[in-house]
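The values are calculated or read from the model by the stated rules, or taken from the named source; none is laboratory data. Because the structure is a prediction, the values reported are computed rather than measured. Methodologically, a virtual Cβ is constructed for each residue, glycine included, from the backbone with ideal geometry; neighbour enumeration extends over all protein chains shown.
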Amino acid sequence: MQVYLVGGAVRDALLGLPVKERDWVVVGATRQALLEKNYREVGRDFPVFLHPDSHEEYALARLERKVAPGYRGFVVEFGPEVTLEEDLARRDLTINAIAQAADGSLIDPHGGRRDIDSRTLRHVSPAFAEDPVRVLRVARFAARFAPLGFRVAPETEALMRGMVLRHEVDALVAERVWQETEKALRETSASTFFKVLRECGALTRIYPEIDALFGVPQPAQWHPEIDTGIHTLMVLDQAAALSADTRVRFAALVHDLGKALTPRAEWPSHRGHEERSVALIEALADRLRLPSDYRELALIVARHHGIVHRALELKPRTLLDFMERTDAFRRPERFSQALLACEADARGRTGLESNPYPQRGFVSAARDVAAAVKPSAEDIAAHKGAKIAEALHAHRIRALTEFRDAFAAAPRA
């Protein structure tokens, strides 16, 4: 039995990055042999085991044969006769197809070290085209390693484009699309994920709502970048700079989907795009079975980002109504997330990336002022039920009026 460190641990060590987890491949062994050594079997589709002490994953070397369309259409073969080279040949990218022996030597039959040095994401073999998930994985790796200068090899992009044309990506299931998307949203260059998908034609199949934004103009007065698709990815970049929260980043990404449905005769104006965005987000959330916290935050930002942008001009009553509609008093964390996404929207415009956005601080402080107002003993004694709520509403409007006037009178840096 021979054991090799493989995949991301080897790749990241060669890149000088922290190694977060280690995976191992076992050659020349059987399932029974590992069970006898007290490894615990956890693999569902093929033999994967947890080490009895380190709890790291050990997988038997394996082969895969394509027998049906889609990413589940594979037969997995494993056994002591499968070689390390055969196991590495089934992997997606050359940078992930490097193994390290116990003595530290590298087994690199596909030039992964060369591609690490040249910052290239390149497929291992034509078998790459058999698995549509790999389109998503390449886009995700591109997002992860974009800050290091990695680019997708032209021949790999061409292979991905062919997979789109053959409708291979249409077989992707919602859960896997969202799983890869959520991972991509964790990266500082999350927008690269969507750029790569668009370059190979997959974005229109996987996220048609986002792809449709490209080529849709906006008023140059407010959007010097003009193109709504470009603006959308700029907003995602700003959200990534403002917050590590993937919910904030997703809300920023989809806040303007409704602009793709604006009649051409109305371009570059997009009156009413907020409610059109809400409808598209609802449909997208249903299709991908998004977690409720992603859906709810995205809907709030899509529907109300214009109100936040105009917050300094709003009447106190309008501001309070907005807080109540978004459940800001019971869900202050979500409210703060929404304000972050709105700031990302304001900054995601050419030349405006560093402009101040006092609206976020103003609305956040206003929420705290209103939240601090509670029904007085006199209100409770004099009113019942809905009347108490009406009195509280009136007190909060007065408090917000005083806060707005003080904010307006305060000197600005």
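Numbers below:
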read-out: Residue match in region 190-210 (condition: of a type in the set (Gly, Ala, Ser), more than 24 Å from ASN355 (Cβ to Cβ), modelled with pLDDT of 95 or more and part of a helix (DSSP H, G or I)); value: no
read-out: Breaking point among (1) of a type outside the set (A, V, I, L, M); (2) under 22 Å from THR120 (Cβ atoms); (3) crowded, with 19+ Cβ neighbours inside 10 Å, for TYR58; value: (2)
read-out: Among the residues listed as GLY104, GLY111, the single one being at positive phi, over 27 Å from the mean Cα position of the chain (by Cα) and surrounded by 14 or more Cβ atoms within 10 Å (Cβ to Cβ); value: GLY111
read-out: Selection from region 240-284 of residues that are charged (D, E, K, R) and outside any loop (DSSP other than H, G, I, E, B); value: ARG247, ARG249, LYS259, ARG264, GLU266, GLU274, GLU275, ARG276, GLU282
read-out: Residues being of a type in the set (S, T, N, Q) and modelled with pLDDT of 95 or more - total across region 360-387; value: 1
read-out: Among (1) buried (at least 19 other Cβ atoms within 10 Å of the Cβ); (2) of a type in the set (Ser, Thr, Tyr); (3) within 19 Å of ALA190 (Cα to Cα), the one test that THR350 misses; value: (1)
read-out: Every residue from region 1-52 that is assigned to a strand (DSSP E or B) and either loosely packed, with under 12 Cβ neighbours inside 10 Å or acidic (Asp, Glu) (or both); value: ASP23, GLU41
read-out: Residue satisfying condition, being touching a residue at least 40 places away in the same chain (Cβ under 8 Å), of a type outside the set (S, T, N, Q) and surrounded by fewer than 19 Cβ atoms within 10 Å (Cβ to Cβ), within set LEU320, LEU312, LEU297, LEU340; value: LEU312
read-out: Whichever residue in region 115-156 is of a type in the set (Ser, Thr, Tyr) and touching a Ser or Thr at 6+ places or on another chain (Cβ under 9 Å) and, among such residues, is nearest to LEU197 (Cα to Cα); value: THR156
read-out: In region 158-179, the residues that are among the charged types (D, E, K, R) and surrounded by fewer than 20 Cβ atoms within 10 Å (Cβ to Cβ); value: ARG161, ARG166, ASP170, GLU175, ARG176
read-out: Residue in region 157-166 that is more than 25 Å from ARG289 (Cβ to Cβ), among the hydrophobic types (A, V, I, L, M, F, W, C), in a helix (DSSP H, G or I) and in contact with a Phe, Trp or Tyr (Cβ under 7 Å, 6 or more places away or on another chain) present; value: yes
read-out: Qualifying residue in region 79-94 (condition: over 27 Å from the mean Cα position of the chain (by Cα), surrounded by 14 or more Cβ atoms within 10 Å (Cβ to Cβ), under 16 Å from PHE150 (Cβ atoms) and at pLDDT 95 or above); value: no
read-out: Tabulated pairs, region 183-210, first within 19 Å of HIS255 (Cα to Cα), second modelled with pLDDT of 95 or more and not in a helix (DSSP H, G or I), C-beta under 6 angstrom, 6+ apart or interchain; value: ALA184/ALA190
read-out: Where TRP24 falls short, out of the listed (1) over 30 Å from SER118 (Cα atoms); (2) aromatic (Phe, Trp, Tyr); (3) at pLDDT 90 or above; value: (1)
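Here's the yes/no breakdown for (1) at pLDDT below 95; (2) of a type outside the set (S, T, N, Q); (3) under 30 Å from HIS393 (Cβ atoms); (4) over 20 Å from the mean Cα position of the chain (by Cα):
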{"residue": "ALA220", "(1), (2), (3), (4)": "no, yes, no, yes"}
{"residue": "PRO224", "(1), (2), (3), (4)": "no, yes, no, yes"}
{"residue": "GLN238", "(1), (2), (3), (4)": "no, no, no, no"}
{"residue": "ALA252", "(1), (2), (3), (4)": "no, yes, no, no"}
{"residue": "LEU280", "(1), (2), (3), (4)": "no, yes, no, no"}
{"residue": "ALA285", "(1), (2), (3), (4)": "no, yes, no, no"}
{"residue": "ARG289", "(1), (2), (3), (4)": "no, yes, no, no"}
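Rundown of residues vs (1) crowded, with 23+ Cβ neighbours inside 10 Å; (2) out of contact with any Gly (no Cβ under 8 Å at 6 or more places or on another chain); (3) of a type in the set (Gly, Ala, Ser); (4) more than 21 Å from ALA184 (Cβ to Cβ), yes/no style:
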site	(1), (2), (3), (4)
ASP211	no, no, no, no
ASP237	no, no, no, no
ALA244	no, yes, yes, no
HIS255	yes, yes, no, no
ARG276	no, no, no, yes
GLU282	no, yes, no, yes
